[in-house]
Amino acid sequence: MPFSPGEPLTQMKNPWPRDFTFFLLALLCGGFAQSFVEATFNNFLFESFRITDSQRALLELPRELPGFLVAFVSALLFFLCNRTLAGFSRVLTALGIILVGLFSVDYRVMLVWLFVFSTGQHLFIPVSADISMGFAPAGGHGKMLGRLAGVENFAGIVGALTVFLGFKYLRFTFSVSFAVAGFCFLASAAFIFLMKKNKPVPVKTRFIVRRQYGLYYWLTVLYGTRKQIFLTFAPWVLVSIFRQKVQVLAVLLLVAGVLGIGFKPLLGYLIDRLGERAILVTEGLLLIAVCLGYGFSRQWLPPNLALYGLL
């Protein structure tokens, strides 16, 4: 029986079609690689370049600029189907992180390689979601996204554990860590390229802004701002102020990944059941407490308690 995107996987004669298997393997490789980067990048910046807090903040400009440009880059690559574009983005990601690890002769050169890495990352995010939803049955897009996010989390757990063991007992260096990540991103690209190509969808470069969606636009801006500030400075606080090593960041990712395996599929189910509004409101309220803790824990608690509170 041929596979159709709207057909539940459990009702098929072959519940693991070829393309879906390759996509799972690509996500596993990518999740493993991403955990290497997330666990080591802030320590790499602090220990290799001794940058200040202001420099760390400014570094997000070349890192996040590709996120703004992704619509334009995707439009330029309109002739590629989403699977080819996903593979290409993984190749860029691999190239960027390998260059960061092996050829960052100084801080400014590193920013160039970081831009390449980030371009690949930001290109992959939307096409990955698009590919994922193509495997989902009708009405089950949230559940499918949650399940595949759980797969990436599992790979992240293995990656974080490898980082911990490598830096704790095997004398890993940042160069080794980024080279391993690059190889795994290349493996992810290879699995995606093995998938059957689908038809490219023409991309319109014209922006359409509708007044009735104004609140949604503002919420998106606020969400992106909050996310960027927190993801930038939460690990940076642990590294630069509390002087935590790579092993500690790896353990935190490990714990988060373990929780995410069950929680993200549950979150997808709750989105399908309760709707996006209820989930977004709950997330916002919880994050208020988290952000306040990171901002004022040193003023409210003794140093050791403050650190354990953040962890």
In the chain, which helices (entire DSSP H runs) extend 24 Å or more along their own long axis, judged by Cα positions, while averaging at least 1.0 on the Kyte-Doolittle scale? 82-102, 107-134, 174-193, 246-274
Please report Glu276, Glu64 as a ranked list, fewest other C-beta atoms within 10 angstrom at the top and most at the bottom. Glu276, Glu64
Counting only pairs 8 or more residues apart or on different chains, how many lysine pairs in the chain have their Cα atoms under 29 Å apart? 19
Ascending count of other beta-carbon atoms within 10 Å, so fewest first, for Tyr216, Tyr223, Tyr294: Tyr216, Tyr223, Tyr294
What does the helix-only formula give at 222 nm for the chain: each DSSP H stretch with n ≥ 4 adding -39500 (n - 2.57), the total divided by the residues, and the result rounded to the nearest 500 deg cm²/dmol? -27000 deg cm²/dmol
Along the charge dipole of the chain, pointing to its positive end and built from +1/-1 on Cβ of Lys, Arg, Asp and Glu, which listed residue (Val281, Val258, Val37) has its Cα farthest out? Val281
Ranked highest first by the average count of other Cβ atoms within 10 Å around their residues, in what order do 101-111, 47-57, 136-146, 25-35 fall? 25-35, 136-146, 101-111, 47-57
Counting pairwise Cα distances across the chain, what percent come out greater than 31 angstrom? 33 percent
Neighbour counts of other C-beta atoms within 10 Å: give me Ile157, Ile288 arranged from fewest to most. Ile288, Ile157
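Every read-out reported here was derived from the displayed coordinates using simple, explicitly stated rules and does not represent laboratory data. What you see is a predicted model, and the numbers here were worked out from it, not measured in a lab. Don't worry about glycine lacking a Cβ; one is built from the backbone with ideal geometry, like all the others, and counts go over all protein chains shown.
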